[in-house]
Amino acid sequence: MVQEYTVAQVKEQNKQDKVLVLINNDVYDVTSFLNEHPGGEEVLLEQAGKDATEAFEDVGHSSDAREKMKSFKVGTLVASERKPEQPKKSAVDWKETGESSDSSLKSWVIPIALGLVATLIYRLYFMS
Ligand code: HEM
C-alpha cells in the first residue's frame, strides 16, 4: 500500500535528517539525491517540507527528470489535502483560452490583408 502523508507530516518528517518535498500531491524523499541534483541541493533544501510543485514545474523539468523522480517517491498526500493537478508547463493548452482563439484569428486575417494590399499596389504600379 502507498504510504499516505498529511502536509503537516511532510513538514514534521523533514526535521529528522530527511528532505521530503511535495510535488503534484506525491511525496518524494530527495535526501540521497541532494548531491546529484543537476539543479543543485540549495533549491531542494529551500523547498524541503513544502509543496514544491510550482517550483518544479517552473523549471520545466525534462521527461528524464520526471522518470527519475519516480524512484524517490515515498508516498502520496491524503485525499482530503490533495490539490487539483496542475497542468504541465510543456502541455500545449492554448486552444482552450479565449485570448488565443483571438490571436489565431489574427494569424490568418493579417496575411490575407497583406496579400490584398500587395495586390492593390501591384495593380496600381504595373497595370496602369
Ligand atoms: C524528485 C525531484 C526532482 C528531480 C528528480 C529533479 C531532477 C532534475 C534533473 C534530472 C535536472 C536536469 C535537467 C532536466 O533533466 O530537466 C534538474 C534540473 C533542475 N532542477 Fe530539479 N529535480 C527535482 C526537483 C526539483 C525541485 C523541487 C526544484 C525546485 C526549485 C528543482 C530545480 C531545478 C533547477 C533550478 C534545475 C536546473 C535547470 C537548469 O539548469 O536549466 N528540481 N532537476
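Quick note: the coordinates plus some simple rules give every number you see, no bench work behind them. The model shown is predicted, which means the values in this text are computed figures rather than measured ones. For neighbour counting, all protein chains shown are included, and Cβ atoms are generated from backbone atoms with ideal geometry for every residue, glycine included.
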* Structure fact -> So Val43 and Lys11, fully extended at 0.36 nm per residue minus their Cα-Cα distance, gain in nm 9.9 nm
* Structure fact -> In nm, the gap between the two label points placed 7 Å beyond Cα toward Cβ at Tyr125 and Ser62 is 4.9 nm
* Structure fact -> Two pseudo-spin positions, 7 Å from Cα along C-beta at Lys70 and at Leu114, lie apart in nanometres by 4.5 nm
* **Built amide H within the under 5 Å cut-off of Val27, gap 5+** => Val74, Gly75, Thr76, Leu77
* What residue among Val21, Gln47, His61 has its Cα farthest toward the positive end of the dipole of region 1-88, where the charges are +1 on Lys, Arg and -1 on Asp, Glu, each on the Cβ? -> Val21
